[in-house]
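The values are calculated or read from the model by the stated rules, or taken from the named source; none is laboratory data. Predicted model only: the values in this text are computed from it and were never measured. For neighbour counting, all protein chains shown are included, and Cβ atoms are generated from backbone atoms with ideal geometry for every residue, glycine included. Heads up: the accessible areas ignore ligands, DNA and RNA and are worked out on the full protein's heavy atoms, side chains in. Shrake-Rupley method; radii C 1.70, N 1.55, O 1.52, S 1.80 Å.
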Amino acid sequence: MEAKEIKRVACVGAGVIGYSWALYYSLKKLEVYVYDLTEEKLELAKKRIHDSLLNLMKNDVVDENEISLIEGRIHYTTSIEEAVKEVQFITESGPESYEVKQKMAEEMERYTASDTIIASSTSGLLVSEIAKNAIHPERFIGAHPYNPPHLIPLVELTKGDKTSDEVLECAKAFYQLIDKEPVVLQKEALGFICNRIQMAVYREVCNLVMKGVCSIEDADKAVTYGPGLRWAIMGPSLVFELGGGEGHIDGLMKHLNPSISLWLHDMADFKDFPEEFPEVARKGVEEALKNRPREIGNDDASLAEYRDKMLISLLKLHKKL
Ligand SMILES: NC(=O)c1ccc[n+]([C@@H]2O[C@H](COP(=O)([O-])OP(=O)(O)OC[C@H]3O[C@@H](n4cnc5c(N)ncnc54)[C@H](O)[C@@H]3O)[C@@H](O)[C@H]2O)c1
């Protein structure tokens, strides 16, 4: 199958991640079939989609007339057969459990064409294991989104031991066609790429705070107004390429290596966060929130609203919205 043939997709499991995928696919003008276990779950997904669209309208991403068209492309059903029988691509966003995902795989395969691609949103389960009992394990891939998938472009693609290269290539091309930014893991790695990078940074935040070097608030400020600004534009290697000037990234690494080596030896390499850190982090966050004006968020709701508004502005700069 060619990526451009994918016109109808199913979202199987319509919770926090599934509803957002469904909204994204419809924004990209695909016909979407949303399946979940009960009418209540589907109603919740419908409400989340509507609320997210109102937020997108408030931020000038969609206009009022488009909302009914976008919602009109999304069809809801509690019949798995109806959801998957005529689609070319399925996004599975069920609970993070082998048992459930294997059962979902069996149900999806029962009613869908043999070449329909089945992409799991799993945050860390192995595709090989999800597709263990599948009739066509070659069409299963992992496609890990970042929350919320209708705003964050990244999708981390993983293969199971029987996934075909053709399926991976088709899925990658499909995501590119709909303006996602797929990255492919050449080997299985726990936590994929981004969670590992995030946790490497956060381990050091914890280390600095626990050693009394800085507060949670200042560590956040340092990231937001320092590397975070650059990382929102390009990755750490391109940032270092520029930092190296005429010597480029390799010059920078060689030049700074003796100094970097001193920092690295002083930095954290623990494998478990200290037991007392969650409490320290919570107090630090409460303190940071007290010092923020409301317009940039000083409680969970206003913080989320501010994050989404800024995220949308950044995505517009990246021409992703
Ligand atoms: N929440 C996140 O930040 C996040 C980020 C990336 C990936 N993920 C992954 O996405 C997947 C879904 O996570 P979520 O946060 O949306 O969970 P969720 O609990 O919000 O949603 C799961 C949905 O699956 C439905 N479901 C349960 N059994 C089902 C079945 N047999 N068939 C169909 N639907 C069924 C539930 O009713 C629910 O609506 C997980 O694999 C998770 O690891 C989550």
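Among the residues here, ALA83 does not qualify as within 15 Å of the ligand (Cβ to nearest atom), on the phi < 0 side of the Ramachandran plot, assigned by TED's automatic domain parsing to the domain that holds VAL16 and in a strand (DSSP E or B). Annotation: of all residues in the stretch 262-280 being open to solvent by less than 80 Å² (accessible area, probe 1.4 Å) and assigned to a helix (DSSP H, G or I), the one that is farthest from LEU154 (Cα to Cα) is VAL280. Taken as a whole, the condition of being more than 21 Å from ASP220 (Cβ to Cβ), assigned to a helix (DSSP H, G or I) and in contact with a His (Cβ under 9 Å, 6 or more places away or on another chain) applies to GLY247.
Among the candidates ALA134, ALA173, the residue that is open to solvent by less than 60 Å² (accessible area, probe 1.4 Å) and without any contact (Cβ under 8 Å) to a residue 60 or more places away in the chain is uniquely ALA134.
Do we find that LYS319 is touching a residue at least 12 places away in the same chain (Cβ under 8 Å) and not assigned by TED's automatic domain parsing to the domain that holds ILE152 in this structure? Spelling it out, it is not the case that LYS319 is touching a residue at least 12 places away in the same chain (Cβ under 8 Å) and not assigned by TED's automatic domain parsing to the domain that holds ILE152.
Of all residues in the stretch 87-101, those that are farther than 17 Å from LEU42 by Cα and in the same structural domain as SER121 (by TED's automatic domain parsing) have Cβ atoms under 7 Å from Cβ atoms of residues that are more than 10 Å from the ligand (Cβ to nearest atom) and basic (Lys, Arg), 6 or more apart or on another chain, in VAL87/ARG8; GLN88/LYS7; GLN88/ARG8. Filtering the stretch 157-179 to residues that are more than 22 Å from LYS29 (Cβ to Cβ) and part of a helix (DSSP H, G or I) leaves ASP165, GLU166, VAL167, LEU168, GLU169. Residue pairs whose Cβ atoms lie under 6 Å apart, sitting 6 or more positions apart in sequence or on different chains, and linking a residue in the stretch 145-159 that is closer than 17 Å to MET234 by Cα to a partner that is within 12 Å of the ligand (Cβ to nearest atom) and polar (S, T, N, Q), do not occur here.
Considering only residues that are under 18 Å from TYR175 (Cβ atoms) and open to solvent by 30 Å² or more (accessible area, probe 1.4 Å), look in the stretch 137-147 and name the one that is nearest to the chain's Cα centre (by Cα).
Ranking the candidates gives TYR146 first.
Among the residues of the stretch 281-291, those identified as over 27 Å from the mean Cα position of the chain (by Cα) and open to solvent by less than 90 Å² (accessible area, probe 1.4 Å) are GLU287, ASN291. LYS41 meets each of the listed conditions (1) more than 29 Å from ASN195 (Cα to Cα); (2) assigned to a helix (DSSP H, G or I) apart from (1).
Return a yes/no flag: does the stretch 108-123 have any residue that is away from the ligand (no atom under 15 Å from the Cβ), open to solvent by 70 Å² or more (accessible area, probe 1.4 Å) and touching a Phe, Trp or Tyr at 6+ places or on another chain (Cβ under 8 Å). Within the stretch 108-123, not a single residue is away from the ligand (no atom under 15 Å from the Cβ), open to solvent by 70 Å² or more (accessible area, probe 1.4 Å) and touching a Phe, Trp or Tyr at 6+ places or on another chain (Cβ under 8 Å).
Considering only residues in the stretch 86-107 that are surrounded by 15 or more Cβ atoms within 10 Å (Cβ to Cβ) and within 9 Å of the ligand (Cβ to nearest atom), the one that is farthest from HIS75 (Cα to Cα) turns out to be LYS101. Within the set SER237, SER259, the sole residue that is of a type in the set (Ser, Thr, Tyr), within 30 Å of GLU181 (Cα to Cα) and either modelled with pLDDT under 95 or loosely packed, with under 13 Cβ neighbours inside 10 Å (or both) turns out to be SER237.
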